[in-house]
1. Can you tell me the length gained on complete extension of the stretch Lys28 to Ala56, counting 0.36 nm per residue apart and subtracting the Cα distance?
2. Could you give the length gained on full extension between Val74 and Thr13, defined as 0.36 nm per residue of separation minus the Cα-Cα distance, in nm?
3. Taking the chain as the reference, fit the longest principal axis to its C-alpha atoms, fit the long axis of helix 41-63 to the helix C-alpha atoms, and give the angle between the two in degrees, 0 to 90, nearest 10.
4. So what's the angle, to the nearest 10 degrees on a 0 to 90 scale, between helix 7-32 and the longest Cα principal axis of the chain?
5. So what is the calculated 222 nm ellipticity per residue for the chain, using -39500 (n - 2.57) for each DSSP H run with n of 4 or more, over all residues, to the nearest 500 deg cm²/dmol?
6. Work out the charge dipole of the chain with +1 on the Cβ of Lys and Arg and -1 on the Cβ of Asp and Glu about the Cα centre, then indicate which of Ile14, Pro4, Tyr69 is farthest towards its positive end.
7. Can you tell me, using C-alpha contacts under 8 Å and at least 6 residues apart, the relative contact order of the chain as a whole percent?
8. So how far apart, in nm, are the two label points at Lys82 and Asp41 if each is 7 Å from Cα heading toward Cβ?
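No value in this document is a laboratory result; all are computed from the given coordinates. The structure presented is a predicted model; accordingly, all values stated were derived computationally and were not measured. Methodologically, a virtual Cβ is constructed for each residue, glycine included, from the backbone with ideal geometry; neighbour enumeration extends over all protein chains shown.
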Amino acid sequence: MSSPINQLQQLMTITMEECGELTQECSKIMRKYYVLDDIDDEDIDKLKKEAADVYAMIQLMIHNGLFDYVELEVNAKKKRKKLKKWSTLIDE
């Protein structure tokens with residue numbers, strides 16, 4: 001008899017699945033639209049749902065002690081700094 005997956009396996013597996021669903025929704029939007037202002041409300045709603053699902057999993061990672069909000073914010077700031085240098089997404 002096989003053992004049920006443990007909490008870590010559940011957390012990682014569901015997070016991967018949710019990230020994949022967000023990736024898929026981003027891909028669909030890229031295929032359908034050229035600029036942000038053209039995205040219709042239905043596709044924005046789908047994107048929000050998938051982003052919220054990923055966000056919920058990040059919250060569960062924090063709740064389970066994998067990292068905390070401060071660490072997340074510090075690393076997000078590092079990423080924004082890189083994006084400022086290598087993309088046009090940050091114009092601060």
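1. Working: separation 28, 0.36 × 28 = 10.08 nm, distance 2.20 nm.
7.9 nm is the gain from fully extending Lys28 to Ala56.
2. On the way: separation 61, 0.36 × 61 = 21.96 nm, distance 2.51 nm.
Roughly 19.4 nm would be gained on extension.
3. For helix 41-63, the angle is close to 40 degrees.
4. It works out to around 20 degrees.
5. Numbers: 3 runs with 67 residues, N = 92.
The helix-only estimate for the chain comes to -25500 deg cm²/dmol at 222 nm.
6. Tyr69
7. Working: 34 pairs, mean separation 24.9, N = 92.
Relative contact order for the chain comes out at 27 percent.
8. The answer from the label model is 3.7 nm.
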